[in-house]
Structures are given as C-alpha cells and as structure tokens.
Amino acid sequence: MIELVLAALLAAAVVVFVAVPFLRAEAPPPLAEPGQDDLAAAEERDRTLAELKELEFDHRTGKITDEDYRALVQPLRRRAAQTLNGAALSGKTAETPSEQHFSEGSLSSSRPDR
C-alpha cells in the first residue's frame, strides 16, 4: 500500500517538474498583420511575375516574334526586379547598380530551329 502512495507522489512530482517550465512561459507575441501596402506590393509582385512567365511561354511557343519579345521583356524584367527588391514600395524608380542589363545577344531564343 505504501508503495502505491509513494509511486503516486513520485508521478505527481514528475508531472509538476515537467509542467513548470510550460506554466511559467509567457504567451507568444501576437502575429503581425500585413498592412495594406504590403498586400498591394505582394499582389503587384505576383502580377508582374505572372506576366513575365506568360510572355516567356508565348515567345517559346512562337506566338510572339523575337522583336516583340525584346521590346516587351525589358520593362517587365525591370518592374519585376523593382517589386522583388522592394523598390516599388519605397518609391525608388532610378536604376540601381545591381540592376542587370541584357544585350540583344543574351535575349536570343534557345529554340533549336534557329
């Protein structure tokens, strides 16, 4: 009988010992809600990347000529870089040193029929 009481007391002590750190822990801080500006920037980024993907697909399938592709891809790439870097949020539109410039040779099609 005494063994059962000691075992119950030991079990209770172990439960208390394990539970104390959890009981002392502070509640986690509330998650920050994204602001309207953050949501708008994320939507702009998603739209720009979708347009660029669609343009690449249309060029590879032959729906868009090489000349049209070259004319359309530069502004889209610039806008995509700005939205990815957050430059569109802060209002910066000037070129940054990290911005890549592509020559016409680097934009040539990778299709084997050329």
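Report whether or not Ala50 is in contact with a Ser or Thr (Cβ under 7 Å, 6 or more places away or on another chain), surrounded by 10 or more Cβ atoms within 10 Å (Cβ to Cβ) and modelled with pLDDT of 85 or more. No; evaluated as a whole, the condition is false for this residue. If you go through segment 16-43 one residue at a time, how many are surrounded by 10 or more Cβ atoms within 10 Å (Cβ to Cβ) and part of a helix (DSSP H, G or I)? So the answer is 9. Do you know which residues across segment 1-48 are hydrophobic (A, V, I, L, M, F, W, C) and in contact with a helix residue (DSSP H, G or I) (Cβ under 6 Å, 6 or more places away or on another chain)? Scanning segment 1-48 gives a single hit, Ala41.
Every residue, every condition in (1) crowded, with 16+ Cβ neighbours inside 10 Å; (2) at pLDDT 50 or above, yes or no:
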residue: Asn85; (1), (2): no, yes
residue: Ala88; (1), (2): yes, no
residue: Leu107; (1), (2): no, no
residue: Ser110; (1), (2): no, no
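Listed by first and then second residue, the pairs with beta-carbon distance under 7 Å, at least 6 apart or on different chains, first residue in segment 34-50 and over 27 Å from Val73 (Cβ atoms), second part of a helix (DSSP H, G or I), are Asp37/Leu89.
The values are calculated or read from the model by the stated rules, or taken from the named source; none is laboratory data. What you are looking at is a predicted structure, and each value in this text was computed from that prediction instead of being measured. Virtual Cβ from ideal backbone geometry, glycine too; neighbours counted across all protein chains shown.
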